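Okay, structure first, notes after.
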Amino acid sequence: MAGLPRTKGIWHRLSHNEAAPGIVLMVCAAIALMLANSPVAESWHGLFHHTLPWTPVAKLNNLHLWINDALMAIFFFVVGLEIKREILDGELSSPSRRRLPVIAAVAGMAVPALIYLAIVGDDPSLHRGWAIPSATDIAFAIGVLALAGKGLPPSLRLFLLTVAIVDDLGAVMVIAFFYTSGLDMMWLGVAAAVFLALVAVNRMGIRVLAPYVVGAVVLWYAVLHSGVHATIAGVLAALTVPLALNHRHDSPLLRLEHALVSPNGFLIVPLFGLANAGVALGSIDGGPLALPIAIALGLVAGKQIGILGSIMLAEKLGIAKRPEGATLRQLWGLSLLCGIGFTMSLFIAGLAFPESPLLVEEAKLGILGGSIIAALAGMVLLKGSTKAAA
């Protein structure tokens, strides 16, 4: 029992270290890449894709589906909680505070998509991947920012968080509207009824967590069978959880967010990385080279052009001011960090090319390459900016 307090102390330090979830994710991605190109590659692939001997949900008949369609619904639930909190009581709660992050996030999604489409050209089989380089991985980006060292203005981290949250909201909308097919109207009706019931529970002022948790599970099950991607249920359910601004200590949303942030960062996202980041380099021979190039350039060039360009333009036109105390070099480095797509980009790649494992592998190569370049370049710029300031 003597080791228990020490273990708790280590966990406490890890859970309060902003860089830790990003580092864990990097390690898991490296492990997945190594194993996917090792003698145990077939067994590693089979671990996630072989049919399970038994499953409580028939549609989820392998471990990969359980991670991507079930555990990732919890990831999106946390994203939904963060979005609601920021809109009602955070950096997105007033027009003046949300103006620049929204402008930067929208430009940071649009420019990578345009670069992607320009590179893939007239190949219609690749057009569905336009949203892959538009995403930003919050955990990864915040982790790299924390590793960049001290001396950066606090406004920089806050701006990165708000841009990434708006980016996540955009990604959720993209998934809902562009990667949905074969709707089952009966299940869609059930999902709508459950969602309305959760809204009614909220309106009745019920703060007990149980109805929201049970309702979220039922909503997820209905959406899973509706044709809309199951993870959308996580965001919808989160939006019904009440945020009691006048009773912060007893706010259901804050309690749920606090309870799920660590499992999300240290279990769900790393598992997703292990299941999805491994690209077998030998299996992409003969694939379209334009796909990984378009994704990598979208992440590295598109994000910095869109975000940094929109910040400079907004400031010049008097629409919004840059984050307080931030230099142009620091904003450039931040824009590069937003090019770390990883989790959301990998997720969208699977939705974009569900019938083509080769294209998914090609997309992974572009995501990993682009994210690594963006992370390293962003860190170099940010570290150099703190030394210059010193």
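The values are calculated or read from the model by the stated rules, or taken from the named source; none is laboratory data. Quick caveat, the model's predicted, so the values are computed rather than measured. Here Cβ is always computed from backbone atoms with ideal geometry, including for glycine, and neighbour counts include all displayed protein chains.
Can you confirm whether V235 is of a type in the set (V, I, T) and part of a loop (DSSP other than H, G, I, E, B)?
Numbers: of a type in the set (V, I, T): yes; part of a loop (DSSP other than H, G, I, E, B): no.
No.
Please name all residue pairs, on different chains or six or more residues apart, with Cβ atoms under 6 Å, provided the first residue is in region 21-36 and is farther than 12 Å from V269 by Cα and of a type outside the set (S, T, N, Q) and the second residue is assigned to a helix (DSSP H, G or I) and at pLDDT 95 or above.
Filtered contacts from region 21-36: A32/L274; L35/W44.
Can you go through S226, S251 and tell me which one is over 25 Å from G170 (Cβ atoms) and among the polar types (S, T, N, Q)?
Working: S226 fails: over 25 Å from G170 (Cβ atoms).
Of the residues listed, the single one that is over 25 Å from G170 (Cβ atoms) and among the polar types (S, T, N, Q) is S251.
Could you check region 58-86 and list, in sequence order, the residues that are modelled with pLDDT of 95 or more and among the acidic types (D, E)?
Result: D69, single match.
Among the residues of region 325-332, is any in contact with a Pro (Cβ under 7 Å, 6 or more places away or on another chain) and not in a helix (DSSP H, G or I)?
Taking every residue of region 325-332 in turn, at least one turns out to be in contact with a Pro (Cβ under 7 Å, 6 or more places away or on another chain) and not in a helix (DSSP H, G or I).
Whether any residue in region 145-153 is within 17 Å of the chain's Cα centre (by Cα) and either outside any helix (DSSP H, G or I) or closer than 20 Å to G370 by Cα (or both) is what I want to check. Reasoning before the result, please.
Quick first cut of region 145-153, residues within 17 Å of the chain's Cα centre (by Cα) only: 145.
Going one step further and asking which of them are either outside any helix (DSSP H, G or I) or closer than 20 Å to G370 by Cα (or both), we end up with 145.
Yes: one or more hits.
Quick one: in region 340-390, which of the residues that are under 18 Å from the mean Cα position of the chain (by Cα) and without any contact (Cβ under 8 Å) to a residue 12 or more places away in the chain is nearest to K150 (Cα to Cα)?
Ranking the candidates gives I372 first.
Considering (1) at positive phi; (2) at pLDDT 95 or above, say which one G227 fails and leave the rest.
(2)
Farther than 19 Å from M26 by Cβ, touching a residue at least 24 places away in the same chain (Cβ under 8 Å) and either hydrophobic (A, V, I, L, M, F, W, C) or assigned to a helix (DSSP H, G or I) (or both), is that true of G282? Can you show your working first?
On the way: farther than 19 Å from M26 by Cβ: yes; touching a residue at least 24 places away in the same chain (Cβ under 8 Å): yes; either hydrophobic (A, V, I, L, M, F, W, C) or assigned to a helix (DSSP H, G or I) (or both): yes.
Taking the combined requirement at face value, the residue satisfies it.
Cβ-Cβ distance below 7 Å, separation of 6 or more or different chains: which pairs start in region 180-203 with a residue that is free of Cβ contacts under 8 Å to residues at least 12 places away in the same chain and surrounded by fewer than 15 Cβ atoms within 10 Å (Cβ to Cβ) and end on one that is assigned to a helix (DSSP H, G or I) and polar (S, T, N, Q)?
Going by the 7 Å Cβ cut-off, there are no qualifying pairs.
Can you confirm whether region 333-350 contains a residue that is of a type outside the set (G, A, S) and surrounded by fewer than 24 Cβ atoms within 10 Å (Cβ to Cβ)?
Taking region 333-350 first, the residues of a type outside the set (G, A, S) are 334, 336-338, 340, 342-344, 346-348.
Retained after the next criterion (residues that are surrounded by fewer than 24 Cβ atoms within 10 Å (Cβ to Cβ)): none.
No: zero hits.
Would you point out which residue out of A176, A171 is over 29 Å from A20 (Cβ atoms) and modelled with pLDDT of 90 or more? Show your work before the answer.
Details: A171 fails: over 29 Å from A20 (Cβ atoms).
Result of the check over A176, A171: A176.
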